[in-house]
Amino acid sequence: MLSNETAVITGGARGIGFEIAKELVDQGAKVVICSRTKSDLEKALKLLNRKKEVAYGRICDVSSPRDCKKLITFAQKKLRKVDILVNNAGIYGPIDSFEKININDFQKTIEINLMGMVYCSYFVIPIMKRNGNGKIINLCGAGVGGGTLPKFAAYFTSKFAVAGFTEVLSDELKEKNIQVNAISPGPVNTYLNKYLIEQGSEKSGKEIYENAVKQQKDGGASPQLAAELVAYLVSPEANHITGRLLSAKWNPSEKLKNITEFGSNLYKLRKINEEQYYEKKE
Ligand code: NAD
């Protein structure tokens, strides 16, 4: 349970972010969610606050450092402390062969998917240090740790950087009782999949496009798996887990609970030695 815990979830008004916010609220936490869209925010807050007022919202574009600073200040005021930051906001960005995309769209993707979490982490860490504890969860994905994703250069690059940022931050903050992990939620039917289908098979590639259409029809992975993994990682039982990239599908919390020793390379990105893919045990 997460009673007395407080969390900020970026992009928490819909999709996977909303499921994470709902799970944390169900477990007793108070949350601040952000979105760029007022109507999304209002709809989500109504659902989260059905029983009692436990959720607050703020308009924020995570690609703006000013907005991120204001978001964290707002959360600190509303919640009195911030124990948990879930860096969830993200976009696919341009989908097409690299040389065909608009280079400004590549930059925008990095600004949202990577810099958004960099800014929010930067402003929240001093608060967590003062409190003597903290949990940061970064949403990864794009098959990082497995293969590459042609036609998704901006998205893949941003998510690869998310894994690197997670590892460095976790090393720096280990001694401060702040744990930093990344998770890959699996193929969940959200706006992202609809957007991919809208781009068409020529831009996204036949195989990826057909998989997306099939996923849309079959229902995709449950966002609840990702929400449960986040709830476990932010709980005190997971204080020994930091700097890892975990998959909601391959490393669900029930499995993680059985691993007592996290060796130095377990669930980290190490592809030079083929035996150490992140999803394999040492
Ligand atoms: P989604 O589009 O439903 O949700 C994305 C959220 O991010 C939305 O709330 C959106 O408003 C917000 N957002 C986008 N740009 C923003 C900005 N500039 N400022 C503030 N908020 C912004 O998609 P989702 O699938 O729920 O995605 C959530 C996260 O999960 C993303 O980081 C995504 O890359 C990751 N992910 C999703 C899948 C999947 O299959 N759906 C797979 C792997 C990773």
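The values are calculated or read from the model by the stated rules, or taken from the named source; none is laboratory data. Owing to the predicted nature of the structure, the values given are computational and were not obtained by experimental measurement. Note: ideal-geometry Cβ built from the backbone for every residue, glycine included; neighbour counts use all protein chains shown.
For the structure I just gave you, tell me whether L229 is modelled with pLDDT of 95 or more, under 14 Å from the mean Cα position of the chain (by Cα) and not basic (K, R). Considered against the rule, which asks whether it is modelled with pLDDT of 95 or more, under 14 Å from the mean Cα position of the chain (by Cα) and not basic (K, R), L229 comes out as yes.
The residue that is surrounded by the most Cβ atoms within 10 Å (Cβ to Cβ), counting only those in region 21-40 that are hydrophobic (A, V, I, L, M, F, W, C) and more than 9 Å from the ligand (Cβ to nearest atom), is A21. Taken together, M117, M128 contain a single residue that is among the hydrophobic types (A, V, I, L, M, F, W, C), more than 10 Å from the ligand (Cβ to nearest atom) and over 27 Å from G200 (Cβ atoms), which is M128. Checked against (1) charged (D, E, K, R); (2) outside the structural domain of S253 (by TED's automatic domain parsing); (3) in contact with a strand residue (DSSP E or B) (Cβ under 6 Å, 6 or more places away or on another chain), K135 passes all but a single condition, namely (2). Annotation note: of E198, E202, the sole residue that is within 13 Å of the ligand (Cβ to nearest atom) and without any contact (Cβ under 8 Å) to a residue 24 or more places away in the chain is E198.
Mind checking which strands (runs of 3 or more DSSP E) fall wholly inside region 1-99 and carry at least 3 residues that are under 17 Å from the mean Cα position of the chain (by Cα)?
Numbers: elements: 6-10, 30-35, 55-59, 84-87.
By residue number, 6-10, 30-35, 84-87.
Looking at Y209, Y155, Y119, Y195, which is the one that is under 22 Å from I91 (Cβ atoms), outside the structural domain of A231 (by TED's automatic domain parsing) and surrounded by 17 or more Cβ atoms within 10 Å (Cβ to Cβ)? Please lay out each step first, then the result.
Numbers: Y155 fails: outside the structural domain of A231 (by TED's automatic domain parsing); Y119 fails: outside the structural domain of A231 (by TED's automatic domain parsing); Y195 fails: surrounded by 17 or more Cβ atoms within 10 Å (Cβ to Cβ).
Going through Y209, Y155, Y119, Y195 in turn, the sole match is Y209.
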